[in-house]
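Below: one structure, written as structure tokens.
The values are calculated or read from the model by the stated rules, or taken from the named source; none is laboratory data. Please read all numbers here as calculations on a predicted model, not as lab measurements. Here the Cβ positions follow ideal geometry from the backbone for every residue, glycine too, while neighbour counts run over all protein chains shown. For the accessible areas, the whole protein counts, side chains as well, though only heavy atoms, and no ligand, DNA or RNA atoms are used. Shrake-Rupley method; radii C 1.70, N 1.55, O 1.52, S 1.80 Å.
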Amino acid sequence: MMRSLVLILAASTALAGCSLAPKYARTELPVPPSLPVGDAYLRQSEATLPAITYRDVFKDPRLQQIIVQALANNRDLRVAAANIAATRAQYRIQRADLLPQVDANGRYTYSGGGNGTRNTVTSGTGGTGTGGNTGTGTGTGNTGTGTGGVGTGGTGTSTGSVVSSSSSNSAFSVDLGTTAFELDLFGRIRSLTSAALDRYFATEAAARATRLTLVGDIADAWLTYASDQSLLKIAQDTVTSSQRSVTLTNARLRGGVAPRTDLRQAQQILFTAQSDLAQQRTALAQDVNALQLLVGAPVDATLLPASIEQALPTVATLPAGLDSSILLRRPDVVESEYQLRATNAEIGAARAELFPKISLTGILGFASTSLTSLFSGGAFNYSVAPSVSYPIFRAGAGIAGVAYSKAQRDAALATYEKTIQTAFQETADALARQGTIADQLKANQNFSEAALDTYRLSDARYRGGIDTFLNSLDAQRSLYTAQRNLVATQLVGASNRVTLYRVLGGDSTLETTAGGPQPVTMSGAPRAETD
């Protein structure tokens, strides 16, 4: 008899092979097939973007050390890790409904009485489950009977069945069984399990997106600190030079050689540089604060760059393939795709709700008036109680549930396509900037060199009495502006390389982890077929 029950349970598991979820397929990308090329874009080979790590792009050991520290301490990454653990647990909880829950129950009953009164004392323990109804037991005289509850969906609570009859004053019983195990004939539980798994994968992709963003933000903050260091040096040099001009002009004024306007104009450049100097000191302090927030711990000052000229060559240019399908590996795109898959699977679960639910309750038990003979052949008993539940009238709630899940799928599909379009736009913008930044940087370098030479010549002519002081001041202002513009352009160029690293989402250390989602193929964007 026990073998019969085991065979029934095995058959119920084998029957759970049907799914009402729509077939999941892929459609064309909602963007042009290739990233743009032209005057504003660099022509690259059409090879797929190679696997890289952040160490291949950010080559400065100091920046690498800061990134490693951030990956260990950043609080956003800790939140992402906790979210992964939570969704993994939710998936395991949902997956457990695919298998029956087996509970054990033991009971001891003692009865006795006198003066026309019979007293019964019963004690016992049993396992409990989730879902279904709780069974109840009643006893009369020396005979005890029990019934197990029958519920719907998932697994239920089993208190077993006790059948014993004896003229003695005590009885023992032990039973093992499952209550209200749903036979997943229409794939409801399997669809919900697939949805839970896809949401787990989506959470992992979100964590990779968080990490990718963090690495890029740290690189940007590090480079910003470098540019502010360069601007600080420019302000300090200008203050020193302006102070000499003010001292010289003041002496010429006292000697009756220079007018007061020359002194005031020299002081304007000095005061401007002093103001910028104070502002740059504030900016540097704020840059350190921003880095410490990203890292989640204090940052060693020896790991910070001395200037943007020193930091710029340490950031490598990332080669970009022209095939726009490389965007499908961006973590945010992967996350959106798994969310779409999850909503597609939930349609199958909603459809299955329209069909009957078949549940199975099975119990194996032993009952005896003596503990020593509890497991003898005559003490064995069993019961199997299949049940069917079918909703007759729900005021259209079942059909509305299917419509709701389809609407959620359509929204997820639109979100997925918008994510791809956004990724395309971000990448195209970054490539456009990469294609022109070299020319702009070269022009600004030439302009700065010309401004420096002009200032030296004008200052020499003024000191030699050949040129006016106004020309010298104008040359000094132009040099100051040119040097600051050059630093800003260098920062833009370095940040553009960081942006390309981030928008292409190609860090191999952020790819699939063990047990996580598999790499996405490049055959097009996913879609859920209409019914």
Which trypsin sites (Lys or Arg not before Pro) in region 394-424 sit in a loop by DSSP (not H, G, I, E or B) and have at most 14 other Cβ atoms within 10 Å of their own Cβ? Arg394
Find the all-direction average of the projected area of the Cα convex hull for region 187-310, expressing the result in square nanometres with one decimal place. 11.8
So how exposed is Arg95, as accessible area in Å² (1.4 Å probe, rounded to 10)? 100
With unit charges on the beta carbons (Lys and Arg positive, Asp and Glu negative) and the dipole taken about the Cα centre of region 416-491, which residue among Ser472, Thr454, Ala430 sits farthest to the positive side? Ser472
Counting only protein heavy atoms and a 1.4 Å probe, tell me what percentage of region 211-258's accessible area is made up of carbon and sulfur. 50
